[in-house]
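K.L.:
Right, I'll just put the structure down here and ask away after.
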Amino acid sequence: MASLNSISLQTLPPLSNSKPFNFILPQSQCPALTTTRSRRLCSVTTTATATAKELELLPVHSPSDMIMGELCRNQNTEDPDNPLVSCMSLVNHSLRRALAAAIVVVHISSPLPYFSLADYSVPPAKAVLYSPDTKVPRTGELALRRAIPANTNMKAIQDSLEDISYLLRIPQRKPYGTMEGNVKKALKIAMDEKEAILGNIPSQLKERGTLLYTSLIDGKGGLKALLECIKEKDPDKVSVGLASSLDTVAELELLQAPGLSFLLPEQYLKYPRLAGRGTVEFTIEKQDGSTFSPQAGGKAKSTANIQVIIDGYSAPLTAGNFAKLVMDGAYDGTKLSCTSQAVLSDNTLDRSIGYSVPLEIMPSGQFEPLYKTTLSVQDGELPVLPLSVYGAVAMAHSEVSEEYSSPNQFFFYLYDKRNAGLGGLSFDEGQFSVFGYTTVGREILSQIKTGDVIRSAKLVEGRDRLVLPNES
């Protein structure tokens, strides 16, 4: 911390054009002053129009002198011959000195006026680790929505609406005015860019797109309805309306992205690939005679269903290999094992079942995945499909090389913030090929025990987007 006397004129606040700026000279430089009080300090007042040469002639000892000069500015106009006035002035002077000292302590304890903010900024490479509010998606739905390669107008609408999700987390007085501004911004983009939004939808899907667009603007769960919820200042209604609007946004974005937005390297065309999204439904069965906890109003059963959406937009090879394994019935009857952080499929399947796909991770802000390369979270790299989400689905590493994924072993990740690193990120973030998220039955994952079995796994949606090597 710099001392008071080491602070130069350049580091002090700029001169005001409307208020005088006070400099204090010690008694030795004010020989003409004769009163007791005025000999202690004298206030030399200059204005913002003072020349640099004039300022150089005025010694500045410390900001405390300057503050004292401001407090004592009118002191020497008092009557020195009136004892009562003199006594009161001395008392006032003591109080002023105490106040000035307190102001100086507060002023010096805050470094901002004297030091550049750059001295305290976090280097971009480490920002993700030092920010507890890192906006990494915390739900599978949010991560999947952000992964859709839609046009810029829809992404702008999406970003504006997603910001409301963070505003809703603010306790007590929520910033409804800001939320209203976000929705109005999204509504303006949607109405002004209607032609561009619908123009990105293939002709065979145009009718569906037009219906969704109308619903986004005027529908029961549309933007205009969301505005009314915000005006009512009911957080529950806002949350429901926001979820509905974002679901419609995602549906429109999916229509705009019928396939991959990049070309795969030629050497990887030998693998199955998923050009879009797919949905896999698992039926899990208990083997120890216990049951899964029933949902509200339901009955306890020994079986439960889990639904996973797999994403070929960000991990086409990994999702494609998994979809083919599901179609081939490779996981039917597979045993599961559990750790504190994951539910893993049995690794005793024949290695010839499935493809050993290279590690495949798409970094945020990029348009195509990286292969055989992990991400360095310490350097600020984050994947489009993060592992740090409860119910994330990823492939285990190959036993031969960590540059490749296992041909068939996968796991459900049981993210727990208590076991995460700084910024709430998993210590394994950026190290595995994440290719989907559990969207239905997340509560079942924590109830699975080692020895439970995948009774069946079915690809219920996405078969038309799966491209097999001999179909290329």
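K.L.:
Any residue in segment 215-230 that's open to solvent by 20 Å² or more (accessible area, probe 1.4 Å): show its pairings with residues that are outside any helix (DSSP H, G or I) at Cβ separation under 6 Å, as long as the two are six or more apart or on different chains.
P.N.:
215/222
K.L.:
Another one. Taking the criterion of being touching a strand residue (DSSP E or B) at 6+ places or on another chain (Cβ under 6 Å), open to solvent by less than 40 Å² (accessible area, probe 1.4 Å) and among the acidic types (Asp, Glu), would at least one residue in segment 360-375 satisfy it?
P.N.:
Scanning segment 360-375 turns up at least one residue that is touching a strand residue (DSSP E or B) at 6+ places or on another chain (Cβ under 6 Å), open to solvent by less than 40 Å² (accessible area, probe 1.4 Å) and among the acidic types (Asp, Glu).
K.L.:
Tell me, please, whether a residue that is farther than 23 Å from residue 190 by Cα, out of contact with any His (no Cβ under 6 Å at 6 or more places or on another chain) and not aromatic (Phe, Trp, Tyr) can be found in segment 210-217. Walk me through how you get there before you give the answer.
P.N.:
Step one: filter segment 210-217 for residues farther than 23 Å from residue 190 by Cα, giving none.
No, segment 210-217 contains no residue that is farther than 23 Å from residue 190 by Cα, out of contact with any His (no Cβ under 6 Å at 6 or more places or on another chain) and not aromatic (Phe, Trp, Tyr).
K.L.:
Quick one: which residue in 450, 439 is open to solvent by 10 Å² or more (accessible area, probe 1.4 Å), at pLDDT 95 or above, polar (S, T, N, Q) and in contact with a Cys (Cβ under 7 Å, 6 or more places away or on another chain)?
P.N.:
Working: 439 fails: in contact with a Cys (Cβ under 7 Å, 6 or more places away or on another chain).
Within the list 450, 439, the selection yields 450.
K.L.:
For residues in segment 318-328 being in contact (Cβ under 8 Å) with a residue 40 or more places away in the chain and open to solvent by 10 Å² or more (accessible area, probe 1.4 Å), which is farthest from residue 432 (Cα to Cα)?
P.N.:
Within segment 318-328, the first condition is being in contact (Cβ under 8 Å) with a residue 40 or more places away in the chain, and the residues that meet it are 318-327.
If we keep only those that are open to solvent by 10 Å² or more (accessible area, probe 1.4 Å) as well, we get 324, 327.
Details: 324: 20, 327: 23 Å.
Per the stated criteria, the residue is 327.
K.L.:
Also, I was wondering about something else. Kindly indicate whether any position in segment 261-269 is touching a Pro at 6+ places or on another chain (Cβ under 6 Å) and exposed (fewer than 15 other Cβ atoms within 10 Å of the Cβ).
P.N.:
Keep residues of segment 261-269 that are touching a Pro at 6+ places or on another chain (Cβ under 6 Å), which gives 261.
Then drop every residue that is not exposed (fewer than 15 other Cβ atoms within 10 Å of the Cβ), which leaves 261.
For segment 261-269, residues touching a Pro at 6+ places or on another chain (Cβ under 6 Å) and exposed (fewer than 15 other Cβ atoms within 10 Å of the Cβ): present.
K.L.:
Here's a follow-up. What about residue 390, is it touching a helix residue (DSSP H, G or I) at 6+ places or on another chain (Cβ under 7 Å), within 30 Å of residue 294 (Cβ to Cβ) and in contact (Cβ under 8 Å) with a residue 24 or more places away in the chain? Even if it seems obvious, please write down each step before you answer.
P.N.:
Numbers: touching a helix residue (DSSP H, G or I) at 6+ places or on another chain (Cβ under 7 Å): yes; within 30 Å of residue 294 (Cβ to Cβ): yes; in contact (Cβ under 8 Å) with a residue 24 or more places away in the chain: yes.
Criteria met by residue 390.
K.L.:
Next question, about the same structure. Restricting to segment 231-260, and then to whatever is open to solvent by 60 Å² or more (accessible area, probe 1.4 Å), touching a residue at least 12 places away in the same chain (Cβ under 8 Å) and closer than 14 Å to residue 180 by Cβ, can you tell me which residue is farthest from the chain's Cα centre (by Cα)?
P.N.:
Residue satisfying both the conditions and the ranking: 231.
The values are calculated or read from the model by the stated rules, or taken from the named source; none is laboratory data. Model, not experiment: these values are computed from the prediction. No Cβ is skipped: glycine too gets one built from the backbone with ideal geometry, and neighbour counts run over all protein chains shown. With ligands, DNA and RNA removed, areas are computed over all heavy atoms of the protein, side chains included. Shrake-Rupley method; radii C 1.70, N 1.55, O 1.52, S 1.80 Å.
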